[in-house]
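Each remark here refers to the structure printed beneath this line.
The values are calculated or read from the model by the stated rules, or taken from the named source; none is laboratory data. Bear in mind that the values here come from a model prediction, so they are computed numbers and not experimental data. FYI the Cβ positions are ideal-geometry reconstructions off the backbone, even for glycines, and counts take in every protein chain you see. For accessibility, only protein heavy atoms count, side chains too; no ligands or nucleic acids. Shrake-Rupley method; radii C 1.70, N 1.55, O 1.52, S 1.80 Å.
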Amino acid sequence: MCKPPGDHDEYSAAGRPPGSRDQCGTDGDTVDERAQFSALLEDSAEDLYENAPCGYLSTQLDGLIAKVNTTLLNWLGYRRDELLGRMHFSDLLTVGGRIYHETHFAPLLRMQGEVSGIALELKAADGSRLPVLVTSTVKSGSDGQPLLIRTTLFDARDRRAYETELLRARQEAEQERERLQNLATTLQRTLLPPALANVPGLEVSAHYHIASVDQVGGDFYDLFPLAEGTWGLFMGDVCGKGAAAAAVTSLARYTLRAAAVYNPDPATVLDNLNTVLNHEYNGTDPRFCTVVFGLLTPDRERGGFRITLAGGGHPPALLMRADGTADILPTPGGQLIGALTDVHIATTAVHLAPGDTLLLHTDGLTEAHTGGAADGRYGDDALLDFARELAPTTASAAIDAVRELLDTFGTGVDDDTAVLAIHVPRSPRGEQQ
């Protein structure tokens, strides 16, 4: 049991050594710490004002400084007597801040009675700048008349440094994105022919629509000479995007051209490409594409051209006749190139008479999002209707019309689109008839 306060012995409070415990178990050091803590809690309001973690400033209504705390004086490097009754709040601002204060800050304060969280810069005694966030409030007397302005200022140097670093990082990211876009654009350009072959008796036009400047697409096309009086053409679409798709695109383009020189038979050309893709991309990383390859030869007897097409899973071409009709030119049963070791390749042949136009395209066109159809895609049927309204047409007119159509889809075109049109012009005499 604890002894009453009147009992004294060698263990009394007066004779107890530091750090010992009394009979109630109270530590003497702990009592002292509590006393010190209580003393800190009883700091004067003036001390709390002077040494607050933010700056305090009181001014008359015209901005003349009437009171300032030690924190703000230390930030700016001024003595108290240099500010009180001598300088206005606007005198502490930079030139730009002073203009903003006079044109915006002060008028808003007069109208609203309070302005909060305004970013300004103070000018220290040594000429350096201190970014701060400023909140000012007009204090009124009992009669409602404004008497003075109380301003609180928060040090925004850390925030400004953070914003500067964030801006720098954003600029670096934008520069890196621009660099990657330029790289992707350059790489994409190398995967397309710089110019299509000039085929006597044919008008040829092509367009490549890039869905995203950030990634290289896998669409490709070409028209090139083979033996005398014979030309090859192809259009394809590699599965995927980016560098991996670009590698397959490059391999496919050069394989098709090389295989056509060796043996121009369209089915044989695609069979060779299938063998190469299976050899290069086997195992756990298969690569495949859709391709249509065509062989163009002049038709000496009927005029115009004869074209033999071999299809490997590619969307069918559109044939727009001189009489205004249009229909698809299917290669049914053609399988993806590179997906199987033994692939079935379908072929078809057609005569292009004067006035006829053949349009080849990749599926970025028919799979564009429109929001109008039930599935939200443009679709093969809509494209066929589009061709029937367009016929008869020329190669350049057909490509221009497709470009306008793609523009109407806007961001709905989420895959690259390639289109290639070949047209047999009518003779001047035929046009007059």
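Scanning region 255-274 for residues that are closer than 17 Å to D222 by Cβ and among the aliphatic types (A, V, I, L, M), which turns out surrounded by the most Cβ atoms within 10 Å (Cβ to Cβ)?
Ranking the qualifying residues of region 255-274, first place goes to L270.
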Exercise. Report yes if R253 is of a type in the set (D, E, K, R) and touching a helix residue (DSSP H, G or I) at 6+ places or on another chain (Cβ under 8 Å), otherwise no.
Key: no
Quiz item: Which pairs have Cβ atoms under 8 Å, sit 6 or more apart or on different chains, and link a residue in region 45-67 that is closer than 22 Å to P107 by Cα to one that is among the polar types (S, T, N, Q) and assigned to a helix (DSSP H, G or I)?
Solution: Y56/T71; G63/S90
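Counting only residues that are modelled with pLDDT of 90 or more and hydroxyl-bearing (S, T, Y), give me the strands (runs of 3 or more DSSP E) lying completely in region 171-240 with at least 2 of them. Let's see the steps before the verdict.
Values: elements: 203-209, 219-225, 231-238.
In region 171-240, the matching strands (runs of 3 or more DSSP E) lie at 203-209.
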Quiz item: Can you pull out the residues in region 95-132 that are without any contact (Cβ under 8 Å) to a residue 24 or more places away in the chain and not in a helix (DSSP H, G or I)?
Solution: V115, S116, G117, I118, G127, S128
Quiz item: Do any strands (runs of 3 or more DSSP E) lying entirely in region 273-342 carry at least 3 residues that are in contact with a strand residue (DSSP E or B) (Cβ under 7 Å, 6 or more places away or on another chain) and of a type in the set (G, A, S), and which ones are they?
Solution: 305-312
Quiz item: Say we look at region 403-432 and pick out the residues that are hydroxyl-bearing (S, T, Y) and open to solvent by 80 Å² or more (accessible area, probe 1.4 Å); which of these is modelled with the lowest pLDDT?
Solution: T411
Quiz item: What are the residues in region 87-107 that are open to solvent by less than 60 Å² (accessible area, probe 1.4 Å) and of a type in the set (A, V, I, L, M), if any?
Solution: M87, L92, L93, A106
Exercise. Within region 346-359, identify whether any single residue is acidic (D, E), surrounded by fewer than 19 Cβ atoms within 10 Å (Cβ to Cβ) and assigned to a loop (DSSP other than H, G, I, E, B), and answer yes or no.
Key: no
Quiz item: Residues in region 275-322 that are open to solvent by less than 40 Å² (accessible area, probe 1.4 Å) and among the aromatic types (F, W, Y): how many?
Solution: 2
